[in-house]
Amino acid sequence: MNFKEKVVVITGGAQGIGRCIAEEFLKAGAHVCVIDKQKGDHFVGDIADKQILELFAQNVIAKYGHVDFLINNALPLMKGIDECSYEEFQYAMSVGVTAPFYLTKLFAPYFSKGAAIVNISSSRDRMSQPQTESYTAAKGGIAALTHALAVSLAGRVRVNSISPGWIDTRYTVYEGPDAIQQPVGRVGNPMDIAYMVLFLCSDKAGFITGENICIDGGMTRQMIYHGDFGWNLDA
């Protein structure tokens with residue numbers, strides 16, 4: 001897809017899925033503005049900090065004057081109810097929900113015609129492992145924020161979210177149970193998410209807004225009962 005001269009903002013774009021998304025937009029000709037806590041050749045800062053978000057937004061607008069695509073990808077803290085403190089839970093919400101909301105608000109006057117927002121949620125917005133409350137709540141929050149923003153920004157900006165399942169950011173090729181427990185027969189990688197992000201930002205997705213698209217190899221669609229396929233639950 002051709003995104004020549006488009007301005008793309010990506011949170012958490014220094015590594016993993018975010019970096020892959022950034023690289024694909026760059027290949028397609030876009031100007032990419034990344035914010036990440038990790039040191040590097042990008043805007044360095046913690047998106048849980050309101051002032052950092054404001055400085056970052058000012059920096060983007062001063063350089064380009066507008067935004068075409070906002071990708072809210074930064075990873076919230078994952079801790080469970082046994083160990084997660086009040087402050088840590090609040091921090092996870094700040095990264096996972098408040099920052100995407102506030103960046104959207106800051107960029108709202110500067111979104112160009114045909115603009116799009118893609119929020120990265122997780123299949124954990126509909127299923128859980130024990131002791132993951134902070135992360136799961138943040139991902140559920142951004143999934144709900146997606147359809148709220150899609151309605152509020154109707155006619156101006158399309159807003160969608162993606163819920164990745166198991167994505168191995170090292171591109172490890174798994175075999176055996178790790179692969180076959182997923183209907184497609186493999187574990188995902190960052191390109192599986194990047195392809196959908198670029199599609200949702202393209203004109204080809206012009207009739208899609210307010211949607212959450214789960215990319216998990218079909219794992220959340222597969223019902224497994226005790227005794228199925230040799231799987232047993234030890235109570």
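The values are calculated or read from the model by the stated rules, or taken from the named source; none is laboratory data. In this text the structure is predicted, and so the values were computed from the model without any measurement. Methodologically, a virtual Cβ is constructed for each residue, glycine included, from the backbone with ideal geometry; neighbour enumeration extends over all protein chains shown. We work out accessible area using only protein heavy atoms, side chains counted, and drop any ligands, DNA or RNA first. Shrake-Rupley method; radii C 1.70, N 1.55, O 1.52, S 1.80 Å.
Observations on the model:
- Residues with amide H under 5 Å from that of ILE117, placed H, sequence gap 5 or more: LEU70, ARG158, VAL159, ASN160
- The length gained by stretching the chain between TYR86 and ILE213 to full extension, at 0.36 nm per residue less their Cα-Cα distance, is 42.7 nm.
- FRET efficiency estimate (nearest 0.05) - Cβ-Cβ, GLN15 to ASP203, R0 35 angstrom: 0.75
- Tilt relative to the chain, helix 190-201 - C-alpha long axis, 0 to 90 degrees, to 10: 50 degrees
- Computed about its Cα centre, the charge dipole of the chain is approximately 900 debye, with only Lys, Arg, Asp and Glu carrying charge at their Cβ.
- Answer label, with percent of Cα pairs over 31 Å apart calculated from the coordinates and candidates [x] 22; [y] 48; [z] 19: [x]
- Between TRP231 and GLU23, the modelled labels are 3.2 nm apart [label points 7 Å from Cα along Cα→Cβ].
- Label-point separation in nm, HIS147 to VAL184, each point 7 Å along Cα→Cβ: 2.4 nm
- The chain - mean residue ellipticity at 222 nm from DSSP helices (-39,500 (n - 2.57) per run, n ≥ 4, rounded to 500): -10500 deg cm²/dmol
- Gyration tensor verdict on the stretch 113-174 (Cα atoms; rounded if a/c is under 1.5, prolate if a/b is larger than b/c, oblate otherwise): oblate
- For the stretch 188-231, the fraction of C-alpha pairs more than 15 angstrom apart is 59%.
- In order along the stretch 158-171, the Karplus-derived 3J(HN,Hα) couplings, from 6.51 cos²θ - 1.76 cosθ + 1.60 at θ = phi - 60°, round to 7, 10, 9, 10, 10, 10, x, x, 6, 10, 8, 6, 9, 6 Hz, and Gly and Pro are given as x.
- Accessible area expressed per residue, the chain, with surrounding protein chains retained (probe 1.4 Å, Å²): 53 Å²
- Within the stretch 5-52, the ratio Rg/Rh, alpha carbon atoms throughout and Rh by Kirkwood, equals 0.98.
- Peptides 125-137, 158-170, 66-78 ordered by average Cβ neighbours within 10 Å, highest first: 66-78, 158-170, 125-137
- Length available on full extension from LYS4 to TYR195: 0.36 nm per residue minus the Cα-Cα distance, which gives 67.1 nm.
- Here the simple spin-label model places points 7 Å from the Cα toward Cβ, and for LYS63 and ARG126 these points are separated by 3.7 nm.
- Sulfur and carbon atoms: percent of accessible area, the stretch 1-93 [1.4 Å]: 50 percent
- The stretch 31-64 and the stretch 73-121 have Cα centres spaced 14 Å apart.
- Calculated from backbone phi, Karplus (6.51, -1.76, 1.60) coupling profile of the stretch 32-41 in Hz, x at Gly/Pro: 10, 10, 10, 10, 7, 5, 5, 5, x, 8
- Taking a straight line from the alpha carbon of LYS204, not one of the aspartates and glutamates sits under 12 Å away once near neighbours fewer than eight places off in the same chain are left out.
- Principal-axis tilt of helix 16-27 within the chain, Cα atoms, nearest 10 degrees: 50 degrees
- When only alpha carbons are used to place a centre, the stretch 167-235 and the stretch 1-18 end up 22 Å from one another.
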